[in-house]
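The values are calculated or read from the model by the stated rules, or taken from the named source; none is laboratory data. All values derive from a computational prediction rather than experimental measurement. All Cβ positions, even for glycine, are placed from backbone atoms using ideal geometry, and neighbour counts span all protein chains on display.
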Amino acid sequence: MSADVIDGKAFAANIREKVAAEVARMKETAGVTPGLAVVLVGEDPASQVYVRSKGRMTREVGMESFEHRLNDDVSEQELLDLVETLNADPKVHGILVQLPLPGHMDSEKVINTIDPRKDVDGFHIQNAGRLMTGQKSMVPCTPLGCLMLLRDRLGDLAGLEAVVIGRSNIVGKPMAQLLLNERCTVTITHSKTKDLQAHLKRADIVVAAVGRAEMVKGDWLKPGACVIDVGINRLEPEPGKEKGRLVGDVDFASASEVAGAITPVPGGVGPMTIACLLANTVTACCRENGLAEPEGLTA
Ligand SMILES: NC(=O)C1=CN([C@@H]2O[C@H](COP(=O)(O)OP(=O)(O)OC[C@H]3O[C@@H](n4cnc5c(N)ncnc54)[C@H](OP(=O)(O)O)[C@@H]3O)[C@@H](O)[C@H]2O)C=CC1
Ligand SMILES: Nc1nc(=O)c2c([nH]1)NC[C@@H]1CN(c3ccc(C(=O)N[C@@H](CCC(=O)O)C(=O)O)cc3)C=[N+]21
């Protein structure tokens, strides 16, 4: 193995320490405690993985955590009413509605009902538009976490060739936008891309957000590339085991022979997503209360 393994878990712990210090300062100097509300509809297993550690970490950094669990047969109107209630609650500075939502709900409508100032996921159309036009916004947590890791590893990203695999609104597109804002030359690839490997061969930076276990192989990469693996895929359990292993969208074994640096799964981007969610909640609370925003917690 030649690649350095990027320790997202340690980096995320460091961000949470900064967040905790900031929360303590806000309580002391302004008498405000940032609060994060998470809404989970139904029992989606991927969402549960995420929600579990989140509540604990929110409290660990000294913030208030509000959890709302709704049955998956709840009506869209009931969910919209809950969002409106949270919009109006002065103790709530961040709102996250776990995706995916049950099929009978219009996710776009639900997301766009969240007050954009409380939209700590950065999914509201106002925040997406602000990110695209270079205005102050809430930046989606997963891409923000990836950017922090890339900057830490590579310093100035200007002029580098970046390939983002995946074009979702929650990862691929905002990731590409952030890299463009850093003045990378950005290529977004997807399921209809004709020759993915040809694009990857040129890439100094690869961000894989596909949802296909171990798809990207080492010999597709440019030697020395910095590889950020966003994928969270659970493999079939081995005989006699209850749970399958968690793997990314990159074949770690072969990729780490070629890449210069690579994030592992687990322990890479996942913990950064949660840390950035807490960071965004602090940012939202500072903006709401006219307090100075801490350095190093936004894009
Ligand atoms: N670590 C973390 O914090 C997070 C991890 N994730 C994980 O990241 C992954 C991606 O999530 P998300 O963006 O929501 O996924 P989506 O399913 O919304 O998007 C997947 C994208 O991958 C593209 N794609 C599918 N097959 C191929 C292929 N063979 N070659 C190239 N591109 C392909 C799709 O293309 P097309 O548009 O053409 O269909 C699509 O744009 C998942 O594994 C998810 O679990 C997600 C959020 C947070
Ligand atoms: N509104 C909304 N915002 C999201 O950001 C969002 C969402 N909905 N729906 C689901 C996806 C998925 N997601 C993860 C975040 C962290 C880990 C994470 O911490 N993973 C650990 C592993 C955890 C384990 O061991 O099971 C790691 O990679 O090390 C995983 C997945 C956020 N998402």
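For the range 155-174, the condition of being touching a residue at least 60 places away in the same chain (Cβ under 8 Å), more than 10 Å from ligand 1 (Cβ to nearest atom) and either closer than 23 Å to A12 by Cβ or basic (K, R) (or both) holds for none of the residues.
If you check V269, V258 for being closer than 17 Å to M148 by Cα and at pLDDT 95 or above, only one passes: V269.
The test for being surrounded by fewer than 22 Cβ atoms within 10 Å (Cβ to Cβ) and either farther than 27 Å from H124 by Cα or out of contact with any Phe, Trp or Tyr (no Cβ under 7 Å at 6 or more places or on another chain) (or both) holds for L180.
Taken together, the residues in the range 167-188 that are acidic (D, E) and assigned to a helix (DSSP H, G or I) amount to 0. Of the residues making up the range 259-273, those that are in contact (Cβ under 8 Å) with a residue 60 or more places away in the chain and near ligand 1 (Cβ under 8 Å from one of its atoms) are G268, V269, G270, M272, T273. Against the test of being modelled with pLDDT under 95 and more than 19 Å from the chain's Cα centre (by Cα), the options G103, G155, G159 yield a single qualifying residue, G103.
For the range 27-56, the tally of residues that are without any contact (Cβ under 8 Å) to a residue 60 or more places away in the chain, touching a strand residue (DSSP E or B) at 6+ places or on another chain (Cβ under 8 Å) and either of a type in the set (A, V, I, L, M, F, W, C) or closer than 21 Å to T113 by Cβ (or both) stands at 5. Of all residues in the range 87-146, those being in a helix (DSSP H, G or I) and within 15 Å of ligand 1 (Cβ to nearest atom) number 10.
Going by what's in this entry, would L147 be described as at pLDDT 95 or above, of a type in the set (A, V, I, L, M) and out of contact with any strand residue (DSSP E or B) (no Cβ under 7 Å at 6 or more places or on another chain)? So L147 passes the test. Going by what's in this entry, would E161 be described as among the acidic types (D, E), more than 16 Å from ligand 2 (Cβ to nearest atom) and within 18 Å of V230 (Cβ to Cβ)? Judged against the criteria, E161 is not a match. If you go through the range 242-256 and keep only what is within 15 Å of ligand 1 (Cβ to nearest atom) and surrounded by fewer than 18 Cβ atoms within 10 Å (Cβ to Cβ), you end up with G244, R245, L246. Yes or no: D195 more than 8 Å from ligand 1 (Cβ to nearest atom) and out of contact with any Cys (no Cβ under 8 Å at 6 or more places or on another chain)? Yes, satisfied. Would you say D106 is within 11 Å of ligand 2 (Cβ to nearest atom) and charged (D, E, K, R)? For D106, the condition - within 11 Å of ligand 2 (Cβ to nearest atom) and charged (D, E, K, R) - is not met. Just checking, which of S65, S47 is of a type outside the set (D, E), within 13 Å of ligand 2 (Cβ to nearest atom), under 23 Å from H124 (Cα atoms) and under 22 Å from the mean Cα position of the chain (by Cα)? So the residue among S65, S47 that is of a type outside the set (D, E), within 13 Å of ligand 2 (Cβ to nearest atom), under 23 Å from H124 (Cα atoms) and under 22 Å from the mean Cα position of the chain (by Cα) is S47. Screening A225 against (1) within 28 Å of M138 (Cβ to Cβ); (2) more than 16 Å from ligand 2 (Cβ to nearest atom); (3) surrounded by 15 or more Cβ atoms within 10 Å (Cβ to Cβ) leaves a single unmet condition, (1). Scoring R59 on the criteria (1) over 18 Å from the mean Cα position of the chain (by Cα); (2) within 26 Å of R234 (Cβ to Cβ); (3) assigned to a helix (DSSP H, G or I) leaves a single failure, condition (2). Kindly indicate whether any position in the range 191-206 is within 16 Å of ligand 2 (Cβ to nearest atom), in contact with a Gly (Cβ under 9 Å, 6 or more places away or on another chain), of a type in the set (D, E) and not in a strand (DSSP E or B). For the range 191-206, residues within 16 Å of ligand 2 (Cβ to nearest atom), in contact with a Gly (Cβ under 9 Å, 6 or more places away or on another chain), of a type in the set (D, E) and not in a strand (DSSP E or B): absent.
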